[in-house]
Amino acid sequence: MLEDITIKDFAIIDCVTIEFNEGFTVLSGETGAGKSILIGAISFLLGGKAELSQIRNGSHEASVTGTFFLKNDKEALTWLDEHGIETENDRIILRRYVRDTGKSAAWIGNTPVTRADLAEFSSFLVDIHGQHEHQSLMKVSEHRKFLDSRASIVDEVSAFTALYNTLIEKRTLLNRLNSSDAERARKIDMLNFAVKEIEDAKLKKDEDVLLEEEQARLSGYEKLFASVKEINEYLNASESGVIPLFKKIRKESQSVSSLDKSLQPLDSRLESAFYELSDIGDEFSSYENSLVFDPNHLAEVEDRLSVIYNLKKKYASSQSAPLSEVFDYYENSKKELEELGNGEQNKDELLKIVSELEKKVYLAAKAISEKRKAVGQKLSVEVEEILKKLGMPNTRFAVSINEKPGNDIEQKCGPYGMDNIEFLISANLGSALLPLSKIASGGELSRVMLALKTIFAANDTVQSLVFDEIDTGIGGEVAVAVGSHMKNLAAGKQIFCITHLASIAVYADNQIKIEKDVVNGRTASNVHPVIGEARVAEIARMLSGDAYSTESLEHARSMLQKFSGGF
């Protein structure tokens, strides 16, 4: 669970530290006060996108730090152990910043990590239901993912996808072998030409890089020679050279150190420096003597580079591409030649392989489909039971699972199996089941998503769930039902919920208020828990917009007493 978070210079938040408790926590405040910014800061901490716009106006860096308690969180602890990161008292600190230079960094404990690692690890800790995430239910492609997650077959479907892709790959190769003899002959000629041309070039690894360096050195010979010659004159000139002058200094140093023993360490250092400088002078002299300009060698280098550039132009992505791409093309061409050259023998073998793969794909798809259908019925019942509690008593929810059209294996199956999957809903008694996208309102979609999240949370090890304005499009008794449901869900999870509705907020175990103030001419969000009479006033404000009238306060007090057992 998330124990605390410190946010500094993030959006309009100046600097705030918030401690969180177990159970159901509501985040409330006026529109625009910064409630969603708080969720944004948590999302950023968990590996969300880092943007310069997240940095508070006038600041150079935005940072977020959070402490998580991981007791009994086996997946998170296993991940940390695999990455050599230790916890302290079953706790781990996450830290992340983004600077106005565009640089961002993240740590898990004391270990710097990539954004991908941070997101992977934090997926075991927190699940954020964004303000518009319920809109994902409008995408039919997402329905399969929900169903597969509930059926616990995500890994099985991934294995099927790999098997299906192998089948498609072998089918493609078979089709290539089945192409006309003339076309096949042309392909073999083309590949033979490419293989021979690359072989004749006798390329060496990284040869292009070494030749380009040699070309640069030879092309700049005159400047190189002049500069080295000048360095040698500075170092070795008989009167004004650095080394002769150093030699004189060394002689005087020996003399004074014999008179004052305390100078001997300095004399020793001068001696070492003199020998080092002398050695450098000798090296530069040798290098100058070795410099010989050979225009024929430069021409040879440029001719060789021309051959390499021509090969890259034909067999790599561009002339500036690494030479390894030409080697890759060479190896792939030889492999393809071998496959095409074996002709009928390869074709017979491939036919057997494709036939076996088709059987495996079909059986695997069938097994997945049966599991989906079994769980689809259970999911329908589970969702309907929760929706009844959320103010949708007459709603029917169904998971439509139909075989893909087609006659052969390749057409009937796709990368994820043989099923077309779609969630259907009937929100009113007597109405036909229709796709969610055609019938569900925003409030209904929010509650369907809440039902699905609840179902998945029961089998999910993630301990903290964040709902950003799950109350979209609802009110009255429905809001009371949602609040009650959240309270029950919080019995086994840490729940955070942004809401404008008092009828949800009164169910919370903890309430945090976000306010917007102007301090020294700058707007800032102030975040603090509300307890006692302060919470009564906040609930009163949420009820009627008036946190001070006697009627509003009494109404708020009675609601808190009824639904929270006190305040």
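On the stretch given as segment 499-514, residues that are over 15 Å from PHE563 (Cβ atoms) and touching a Ser or Thr at 6+ places or on another chain (Cβ under 7 Å) total 3. Scanning segment 367-374 for residues that are buried (at least 16 other Cβ atoms within 10 Å of the Cβ), farther than 30 Å from VAL154 by Cα and touching a residue at least 24 places away in the same chain (Cβ under 8 Å) turns up nothing.
Restricting segment 30-53 to residues that are out of contact with any Leu (no Cβ under 8 Å at 6 or more places or on another chain), buried (at least 22 other Cβ atoms within 10 Å of the Cβ) and modelled with pLDDT of 90 or more, the residue that is farthest from TRP107 (Cα to Cα) is ALA41. Taking residues in segment 240-254 that are closer than 11 Å to LEU277 by Cα and touching a residue at least 12 places away in the same chain (Cβ under 8 Å), and partners anywhere that are open to solvent by less than 30 Å² (accessible area, probe 1.4 Å) and of a type in the set (A, V, I, L, M, F, W, C), the pairs with Cβ atoms closer than 6 Å and at least 6 places apart or on different chains are VAL242/LEU235; ILE243/LEU235. Against the condition surrounded by fewer than 17 Cβ atoms within 10 Å (Cβ to Cβ) and either at pLDDT below 90 or of a type outside the set (D, E, K, R) (or both), how does LEU27 come out, does it pass? No: the conditions fail for LEU27. Note on segment 274-289: residues that are open to solvent by less than 40 Å² (accessible area, probe 1.4 Å) and of a type outside the set (S, T, N, Q) total 4.
Selection of first residues in segment 385-412 that are polar (S, T, N, Q) and of second residues that are at pLDDT below 85 and surrounded by fewer than 13 Cβ atoms within 10 Å (Cβ to Cβ), restricted to Cβ pairs under 8 Å at least 6 apart or on distinct chains, gives the following pairs, ordered by first then second residue: ASN394/ASN428; ASN394/LEU429; GLN411/PRO405.
When you look at TYR329, is it open to solvent by less than 80 Å² (accessible area, probe 1.4 Å) and among the hydroxyl-bearing types (Ser, Thr, Tyr), yes or no? So TYR329 passes the test. Residues in segment 325-355 that are part of a helix (DSSP H, G or I) and without any contact (Cβ under 8 Å) to a residue 24 or more places away in the chain: GLU325, ASP328, GLU331, ASN332, LYS335, GLU338, GLU344, GLN345, ASP348, GLU349, LYS352, SER355. When every residue of segment 304-315 is checked against the conditions, at least one turns out to be of a type outside the set (Phe, Trp, Tyr) and loosely packed, with under 11 Cβ neighbours inside 10 Å.
The set of residues from segment 160-176 being touching a residue at least 60 places away in the same chain (Cβ under 8 Å) and farther than 24 Å from LYS378 by Cα comprises THR161, LEU163, TYR164, ASN165, THR166, LEU167, ILE168, LYS170, ARG171, LEU173, LEU174, ARG176. Filtering ILE368, ILE386, ILE401, ILE353 for residues that are among the aliphatic types (A, V, I, L, M) and farther than 28 Å from VAL448 by Cβ leaves a single hit, ILE353.
Go through segment 227-250 and give me each residue that's out of contact with any Leu (no Cβ under 8 Å at 6 or more places or on another chain), assigned to a loop (DSSP other than H, G, I, E, B) and under 20 Å from TYR287 (Cα atoms).
At the first step, the residues of segment 227-250 found to be out of contact with any Leu (no Cβ under 8 Å at 6 or more places or on another chain) are 227, 229-234, 236-240, 244-245, 247-248.
From the residues that got through so far, the ones that are assigned to a loop (DSSP other than H, G, I, E, B) too are 237-240.
If the condition is that a residue be out of contact with any Leu (no Cβ under 8 Å at 6 or more places or on another chain), assigned to a loop (DSSP other than H, G, I, E, B) and under 20 Å from TYR287 (Cα atoms), then ALA237, SER238 are the ones that fit.
For segment 386-403, a residue qualifies if it is assigned to a strand (DSSP E or B) and of a type in the set (A, V, I, L, M, F, W, C), and the qualifying residues are PHE397, ALA398, VAL399, ILE401.
Residues in segment 127-176 that are assigned to a loop (DSSP other than H, G, I, E, B), open to solvent by less than 50 Å² (accessible area, probe 1.4 Å) and at pLDDT 85 or above: ALA151, ILE153.
Within the set VAL361, VAL383, VAL354, the sole residue that is closer than 16 Å to LEU424 by Cα and open to solvent by less than 90 Å² (accessible area, probe 1.4 Å) turns out to be VAL383.
Of everything in segment 198-241 that's closer than 24 Å to SER324 by Cβ and of a type in the set (Val, Ile, Thr), which residue is surrounded by the fewest Cβ atoms within 10 Å (Cβ to Cβ)? Ranking the candidates gives VAL209 first. The set of residues from segment 54-75 being free of Cβ contacts under 8 Å to residues at least 60 places away in the same chain and crowded, with 19+ Cβ neighbours inside 10 Å comprises GLN54, ILE55, ARG56, ALA62, SER63, VAL64, LEU70.
For segment 395-424, a tally of residues being open to solvent by less than 80 Å² (accessible area, probe 1.4 Å) and more than 19 Å from LYS359 (Cβ to Cβ) returns 11.
The values are calculated or read from the model by the stated rules, or taken from the named source; none is laboratory data. All of these numbers come straight from a predicted model, not from anything done at the bench. Virtual Cβ from ideal backbone geometry, glycine too; neighbours counted across all protein chains shown. The accessibility values were calculated without ligands, DNA or RNA, using every heavy atom of the protein model including side chains. Shrake-Rupley method; radii C 1.70, N 1.55, O 1.52, S 1.80 Å.
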